[in-house]
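Scroll down for the structure; my scribbles are underneath it.
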């Protein structure tokens with residue numbers, strides 16, 4: 001059974017996939033129905049527009065990384081946890097940049113949240129349920145240690 005935290009993070013990463021991809025598309029084709037997503041955070045659009053041509057590739061990389069994290073977490077693979085950690089750390093770096101370079105105090109709200117989620121993904125609780133390779137398994141109690149050869 002998947003831990004509840006993993007299920008929640010999987011949903012979060014799938015939502016992140018859709019939203020970041022929609023944001024990339026809306027920057028590629030302004031004036032479409034996708035422009036409505038910027039009502040949630042108009043300052044984010046302005047900040048991305050300030051980045052110029054690099055904003056779209058960044059959003060696509062984040063979208064792909066979020067999709068990998070969601071898929072990897074759902075199928076309980078260690079690389080899914082690491083992809084999730086990458087996305088969360090990138091989010092923290094982005095929040096720090098928003099605070100220090102744009103003076104966006106609201107970005108401080110996301111720092112503790114992403115920190116807690118990252119710590120969770122690095123914990124033993126998040127690792128629970130991942131497949132264990134035969135070489136990583138500890139011997140059964142009372143079993144003889146493997147012999148040479």
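Derivation of every value follows stated rules applied to the coordinates shown; laboratory data play no part. Predicted, not measured: the structure shown is a model, and the values here were computed from it. As a convention, Cβ positions derive from the backbone with ideal geometry for all residues, glycine included, and neighbour counts pool all protein chains shown.
Couple of notes before you dig in:
- Cα shape, the stretch 11-118, gyration tensor, a/c 1.5 rule: oblate
- Sorted fewest first by neighbouring Cβ atoms within 10 angstrom, 45, 81 come out as 45, 81.
- At R0 = 25 Å, FRET efficiency that the Cβ-Cβ distance of residue 79 and residue 39 yields, to 0.05: 0.10
- The stretch 66-116 and the stretch 1-48 have their alpha-carbon centroids 13 Å apart.
- Between 0 and 90 degrees, the angle of helix 4-28 with respect to the longest Cα principal axis of the chain falls at about 30 degrees.
- The chain, helix-only ellipticity at 222 nm - DSSP H runs n ≥ 4, -39,500 (n - 2.57), divided by all residues, nearest 500: -21500 deg cm²/dmol
- If R0 is 41 Å, the Cβ-Cβ spacing of residue 119 and residue 32 corresponds to a FRET efficiency of close to 0.60.
- Residue order, fewest to most beta carbons within 10 Å, for 79, 38: 79, 38
- Residue order, fewest to most surrounding Cβ atoms within 10 angstrom, among 60, 75: 75, 60
- FRET efficiency, residue 101 to residue 54 (Cβ-Cβ, R0 22 Å, nearest 0.05): 0.90
- Using alpha-carbon coordinates, inclination of helix 55-74 to the longest axis of the chain, degrees: 30
- Helix 110-122 and the longest principal axis of the C-alpha atoms of the chain enclose an angle of approximately 20°.
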